[in-house]
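Engineer: Please find one structure pasted underneath; my questions will follow.
The values are calculated or read from the model by the stated rules, or taken from the named source; none is laboratory data. Because the structure is a prediction, the values reported are computed rather than measured. Please note: Cβ atoms are built from the backbone with ideal geometry, for glycine as well, and neighbour counts cover all protein chains shown.
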Amino acid sequence: MATLTIHPDYRPLLQAAGLDTFDALFQAAEGRQVDGHRSRGVSRIEVGREPDGPVGIYVKRFWGRAARPRWRDLLRLRRPMTPARYECVASQRLLQAGVEVARPVAWGASRDAGQPRALVAFREVEGPSLAEWLDRQPAAGCITGLDARHRRSLAEALGHAVRRIHEACFSYPDLYAKHVYVEDADTVYPRIVLIDVQRLRRLWPWRRVRDLAALHVSTEGSGVRRTDRLRFLRAYLGGSPTSRRARRLIRRVERKAAQMPGRGRDPNLIAARRSPAPGVTSLAHETMTEVDGGRLLVNEAFRPMLQAAGLTTLDAIMNVGGGETYREGFGRSTVRLELADPAGTRPRAVYVKRYTRVPLRVQVRRTLSLNPPQSRARHEVRGMLRLADLGIPTMRCVALGEGLLHRGRQERSCLVTEEIEGATQADDYFEARFSGPLTPALQAEKRGLIGRIADLARRMHAANLSHRDFYLCHILIRPVEGGEPILHLIDLQRLTHHRRGIGRRWIVKDLAALLFSSWPGPATGIRSPVFTDSDRLRFARTYFQTGRLTAEQKDLLRAVVRKAGRIALHDARRRRRAGGTA
């Protein structure tokens with residue numbers, strides 16, 4: 001049974017387009033996805049012919065677990081609602097409070113053959129988002145090149161909008177710049193319009209700080225002046241931004257912002273996603289399409305090759321034979337395959353990671369966790385997206401497949417990534433290129449690569465990410481003709497994001513793994529002392545962004561050396577047990 005509720009103002013428009021039923025509107029959004037996740041997606045469609053052109057409508061679709069009612073509403077003695085219905089209700093509540101939001105067009109739900117689906121549609125907001133305005137990075141250092149009068153109006157309008165949300169006793173935890181749209185920003189009275197209000201909540205004191213921190217962290221370093229923030233705060237508080245109350249609020253917001261993983265912490269975040277390094281395809285430009293009933297996400301650029309190889313279903317990829325076995329372990333395997341390119345003359349190589357069983361420690365963590373289980377393949381894809389946000393080149397996703405997940409031992413998931421052609425592991429690259437006496441040019445090249453690896457580690461840790469397998473063999477160096485080599489960070493299966501800030505132990509672990517992999521030995525594959533103490537000191541100075549190390553930094557480096565020694569002892573014992581050479 002399927003139901004669809006349409007706003008009276010848009011019923012004639014949808015009826016004329018034949019989209020006045022749930023199935024018709026749900027199917028119309030297929031293949032037009034502009035953003036998506038495992039169990040939900042956002043698509044844009046155009047309907048009708050108004051005097052000013054067709055009407056743009058964004059359709060947010062949910063299926064599977066995400067389309068089910070929110071059972072936590074029962075704890076509040078409320079009737080459970082689907083996320084689609086709740087977002088529509090939240091939009092209406094904000095409109096009643098005088099807060100402009102994207103206008104709801106329709107919402108509906110269906111449950112055929114036990115497969116829940118839901119959707120909610122909104123009219124497209126005219127004008128760019130605040131993130132797009134800030135992305136323009138004018139030379140003058142002000143917001144989008146606006147003069148002082150318009151900047152003041154924009155900051156005050158945003159402050160009044162957030163104030164109205166909180167005065168209505170609502171919390172909007174997704175108050176990021178990408179969810180705030182500005183209409184008529186170049187006028188004296190700009191309009192602030194919000195989108196994606198699915199997570200609207202009841203306001204509590206700590207949630208007020210969380211909302212403001214989300215806005216702060218997504219606009220940090222994007223040409224926003226301190227005076228703009230003070231004008232926003234004056235409009236939000238309705239009083240002086242230098243009062244004791246305001247200063248206390250600023251300190252709390254800044255502390256919370258330092259702990260948040262919100263997009264926008266890196267000043268060059270959006271520019272990095274939209275302007276990747278030469279020869280690197282950013283994930284922001286990839287188009288993923290659902291096949292096999294939503295169990296498989298396929299990159300459109302590789303879809304013809306997968307179809308030619310018969311790898312269009314999850315079962316086909318999980319049972320694929322042949323190829324070169326690259327790695328095999330408990331419940332997982334990695335195979336290298338070559339796919340014929342219908343549009344090219346030579347095959348393209350891909351790596352297929354398949355997961356079938358879950359280690360005991362992961363089983364325990366999934367059992368104790370209150371969150372839905374997440375496959376290891378999806379975890380690695382999320383790591384790829386996080387690195388793409390930071391502008392760090394990594395692997396290119398070809399396909400992601402997930403079957404039925406349980407909190408226990410069973411798991412069926414796979415990840416297909418493209419081989420990085422011409423790339424060499426960093427340890428092999430340094431061993432082959434910088435062994436023996438070095439010319440001044442080679443010495444400068446070596447120092448430059450060491451500095452770039454240190455900068456990569458610094459940016460990763462500054463974003464509260466720890467790799468946990470940060471060895472030189474997981475950094476690929478790909479030479480570029482006429483330019484600097486590109487560093488790719490791979491093997492993101494254990495990449496962890498620390499929401500409350502990365503701890504010292506994880507920084508020590510990553511740097512110790514990197515130090516251990518630079519020592520000559522059978523475990524690292526380095527046969528000669530390629531890296532000197534001067535190289536390691538240069539790495540430390542670049543990592544800490546200082547010319548003279550402090551006592552605290554030296555203490556951390558001593559902990560790194562001790563940890564690297566323990567890794568070497570552990571590896572030696574493991575090799576002796578395996579009958580190898582210690």
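Engineer: Any idea how many residues of the range 452-473 are part of a helix (DSSP H, G or I) and either over 21 Å from residue 524 (Cβ atoms) or under 20 Å from the mean Cα position of the chain (by Cα) (or both)?
Structural biologist: The initial filter retains those residues of the range 452-473 that are part of a helix (DSSP H, G or I), namely 452-462, 472-473.
Within this subset, residues satisfying the condition of being either over 21 Å from residue 524 (Cβ atoms) or under 20 Å from the mean Cα position of the chain (by Cα) (or both) are 455-462.
Going through the range 452-473 one residue at a time, the tally reaches 8.
Engineer: Among the helices (runs of 4 or more DSSP H) confined wholly to the range 287-400, which include 2 or more residues that are in contact with a Phe, Trp or Tyr (Cβ under 7 Å, 6 or more places away or on another chain)?
Structural biologist: Values: elements: 303-308, 314-318, 360-368, 376-390.
Helices (runs of 4 or more DSSP H) meeting the threshold: 376-390.
Engineer: Return the only residue of 462, 444 being within 23 Å of residue 501 (Cβ to Cβ) and either crowded, with 20+ Cβ neighbours inside 10 Å or assigned by TED's automatic domain parsing to the domain that holds residue 517 (or both).
Structural biologist: Answer to the check: 462.
Engineer: Here is a further query. Which of the following residues is of a type outside the set (Val, Ile, Thr), buried (at least 22 other Cβ atoms within 10 Å of the Cβ) and modelled with pLDDT under 95: 383, 403?
Structural biologist: Matching residue, one of 383, 403: 383.
Engineer: Pick from 196, 174: which is at positive phi and either assigned to a helix (DSSP H, G or I) or not assigned by TED's automatic domain parsing to the domain that holds residue 89 (or both)? So that I can check it myself, show each step before the final result.
Structural biologist: Values: 174 fails: at positive phi.
After applying the criteria, what remains is 196.
Engineer: Of the conditions (1) assigned to a strand (DSSP E or B); (2) among the charged types (D, E, K, R); (3) modelled with pLDDT of 90 or more; (4) over 24 Å from the mean Cα position of the chain (by Cα), residue 421 fails just one. Which one is it?
Structural biologist: Result: residue 421 passes all but (1).
Engineer: Consider only pairs whose beta carbons are under 7 Å apart and that are at least six residues apart or on different chains; among these, list those whose first residue lies in the range 327-339 and is in contact (Cβ under 8 Å) with a residue 60 or more places away in the chain and whose second residue is in a strand (DSSP E or B).
Structural biologist: From the range 327-339, the pairs are 331/355; 331/356; 331/357; 336/324; 336/326; 336/349; 336/351.
Engineer: Kindly indicate whether residue 241 is surrounded by 17 or more Cβ atoms within 10 Å (Cβ to Cβ) and free of Cβ contacts under 8 Å to residues at least 24 places away in the same chain. Spell out the reasoning first.
Structural biologist: Details: surrounded by 17 or more Cβ atoms within 10 Å (Cβ to Cβ): yes; free of Cβ contacts under 8 Å to residues at least 24 places away in the same chain: yes.
It is true that residue 241 is surrounded by 17 or more Cβ atoms within 10 Å (Cβ to Cβ) and free of Cβ contacts under 8 Å to residues at least 24 places away in the same chain.
Engineer: Among the residues of the range 290-317, which ones are under 26 Å from the mean Cα position of the chain (by Cα) and hydrophobic (A, V, I, L, M, F, W, C)? Write out each step before concluding.
Structural biologist: Here is the first cut: in the range 290-317, the residues under 26 Å from the mean Cα position of the chain (by Cα) are 290-303, 306, 312-314, 317.
The answer is 291, 296, 297, 298, 301, 302, 306, 314, 317.
Engineer: Could you tell me whether residue 524 is among the hydroxyl-bearing types (Ser, Thr, Tyr) and over 20 Å from residue 578 (Cβ atoms)?
Structural biologist: On the way: among the hydroxyl-bearing types (Ser, Thr, Tyr): yes; over 20 Å from residue 578 (Cβ atoms): no.
It is false that residue 524 is among the hydroxyl-bearing types (Ser, Thr, Tyr) and over 20 Å from residue 578 (Cβ atoms).
Engineer: Could you tell me whether any residue of the range 12-30 is farther than 30 Å from residue 375 by Cβ, of a type in the set (Ser, Thr, Tyr), modelled with pLDDT of 75 or more and in a helix (DSSP H, G or I)?
Structural biologist: Scanning the range 12-30 turns up no residue that is farther than 30 Å from residue 375 by Cβ, of a type in the set (Ser, Thr, Tyr), modelled with pLDDT of 75 or more and in a helix (DSSP H, G or I).
Engineer: Step by step: first the residues of the range 316-345, then only those that are charged (D, E, K, R) and within 15 Å of residue 420 (Cα to Cα), then the one that is surrounded by the fewest Cβ atoms within 10 Å (Cβ to Cβ). Which residue is that?
Structural biologist: Of all residues in the range 316-345, those charged (D, E, K, R) come to 324, 327-328, 332, 336, 338, 341.
After this cut, where a residue has to be within 15 Å of residue 420 (Cα to Cα) as well, the list is 336, 338.
Numbers: 336: 14, 338: 16.
Residue satisfying both the conditions and the ranking: 336.
Engineer: Go through the range 465-511 and count every residue that is in contact (Cβ under 8 Å) with a residue 60 or more places away in the chain and exposed (fewer than 15 other Cβ atoms within 10 Å of the Cβ). Working first, answer last.
Structural biologist: So in the range 465-511, the residues in contact (Cβ under 8 Å) with a residue 60 or more places away in the chain come out as 465, 478, 480, 483, 486-490, 492-493, 495, 497, 499-501.
Retained after the next criterion (residues that are exposed (fewer than 15 other Cβ atoms within 10 Å of the Cβ)): 480, 483, 497, 499-501.
The qualifying residues number 6.
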